[in-house]
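Undergrad: Have a look at this one.
Computed from the coordinates by the stated procedures, all read-outs in this text should not be read as laboratory data. The structure presented is a predicted model; accordingly, all values stated were derived computationally and were not measured. Cβ placement follows ideal geometry from the backbone for every residue including glycine, while neighbour counts extend to all protein chains displayed.
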Amino acid sequence: MKDEETIAAISTPMGEGGIGIIRISGDKSFEITKKIFKPVSEVREIRSRHLYLGHIIDPEKGNRIDEVLTAFYKSPHTYTREDMVEINCHGGMVAQKKILELAIKYGARIAEPGEFTKRAFLNGRIDLSQAEAVIDIIRSKTERALMLANRQLAGGFSEMIKSIRSELVQIMAHIEANIDFPEDDIPEADPVQIKNEIQKSKNRIKMAIKNLESGKMLRDGLSTIILGRTNVGKSSLLNALLNEERAIVTDVPGTTRDIIEEYININGIPVKIIDTAGIRETGDKVEMIGVERAKRYLNEAEMVLLVIDASIEITEEDRRIFDMAKDKFAVIVINKTDLPSRIDEKEIEKILPEKKIIRISALKNQGIEELKNEIYNSIVEKMGPIDENAIIATQRQKKAMEDAASYLEKALKSLEENMPIEVIEIDIRESWEKLGEIIGDTASEDIINAIFENFCIGK
């Protein structure tokens, strides 16, 4: 696919930095660049994949904008499979914006979000699932998540989907041969064989869906709320887990009024720690808002760190919070163990049976590593081992896989009910098309546009 318009964008983050990159792609990218880029030494012929030192010049005013290194890339061996240029300038925003303005002035237009990667997809360099893997690489929070995203970008997930679709094509070909040429010397479709083949493909999809949960956790992180009444040391726990002074800690109850979110890496799993306002009855309007937010986050959290003060007997507020968290996936954290203990752990075990209890002193940084290990073990116990078969997939991809499996289940049911073979073939084709949406073969234009809208400009 060729697009007549040449696009340009700043591909590095906003703000000051050592270097900034302006990316240009399209048929006119070389022509535009030659108008504004002057090499320091004479260049008789531009060579692809070479860096040239020179200056960006405003052709009208004749003044230098910046000293740059410029790389020219000849299609089709480029990210977009179009002619491309990357101008490496100094990282100040003024210089970057001025270079971009000149590129626009001399024939390019501002790229839409994700348009470079969209062109890579439309020009056949990558499929849709690989394009989405680009986002996962950018947003990876741990090395393990990065590894899985890179594997998907390399085509691992795509190859699995293509393999299952190929199996379904073979089944459909067998069925359609019997429908179209019933009188020819073609073996009649064997219902038992067809059933086994459909079941095999369905099982492969189901196994992939099972591996999505691990992948989702590695990509998005496990949402974990720190819950407890005021002044039990929730913010101190957050600081200890992060190993930095992220939250304000005082002896005054109700210090934390807003929500604080930070990620920590626990054995390769990104855990999103959410520090909330202490749960208590209060007349302070601002604190009341914080308490209500804490309750809302509790409903949405995937895991709870329920913090209790070891130096104080269990209070009615504690018991109300126990009731709020009793049905949640939770670890009980008894804090302030450096002080004389007045808490009855047996009462906690009675109220919250089967919840793991970890004793810590956030202030003294005691028991923190044990708590991290328990968080990891609890995740593995609940979610299963995080293995190399994990798949990082989007909600869109997961839905398409679930729909594909559902259509195959419907086909199996139709076989059992001795429905016409034509009906069974329709369900198999629907499954094939749903899997095609994942890699882009059968995805609608609306789906494609929605995916690339989530990209940053310049990628």
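Undergrad: I'd like the FRET efficiency for E354 and K97, computed as 1/(1 + (r/R0)^6) with the beta carbon distance as r and R0 of 41 Å, rounded to 0.05.
TA: So the FRET efficiency works out to roughly 0.10.
Undergrad: Can you pick out the pairs among K141/K295; K234/K346; K200/K459; K202/K355 whose Cα atoms lie more than 30 Å from each other?
TA: Listed pairs above 30 Å: K200/K459; K202/K355.
Undergrad: Under 9 Å from the Cβ of K410, count the other residues' Cβ atoms, weight Lys and Arg +1, Asp and Glu -1, and hand me the total.
TA: Summing Lys and Arg as +1 and Asp and Glu as -1 gives -2.
Undergrad: A follow-up question, please. Note the full-extension length gain between E4 and V43 as 0.36 nm times their separation in residues minus their Cα-Cα distance, in nm to one decimal.
TA: Full-extension gain reported as 11.3 nm.
Undergrad: Could I have the simple spin-label model distance between A177 and E300, label points 7 Å from Cα toward Cβ, reported in nm to one decimal?
TA: Result: 5.4 nm between the two label points.
Undergrad: At N150 and E112, where each label point lies 7 Å from the Cα along Cα→Cβ, what is the point-to-point distance in nanometres?
TA: 3.2
Undergrad: Let me ask another. So for each of 163-174, 28-39 I average, over its residues, the number of other beta carbons within 10 Å; can you give me the resulting order with the highest mean first?
TA: Ranked from most to least packed, the peptides come out as 28-39, 163-174.
Undergrad: Calculate the spin-label point distance for E316 paired with N63, positioning each point 7 Å from the Cα along the beta-carbon direction, and give it in nanometres.
TA: Label at N63, label at E316, 7.3 nm between them.
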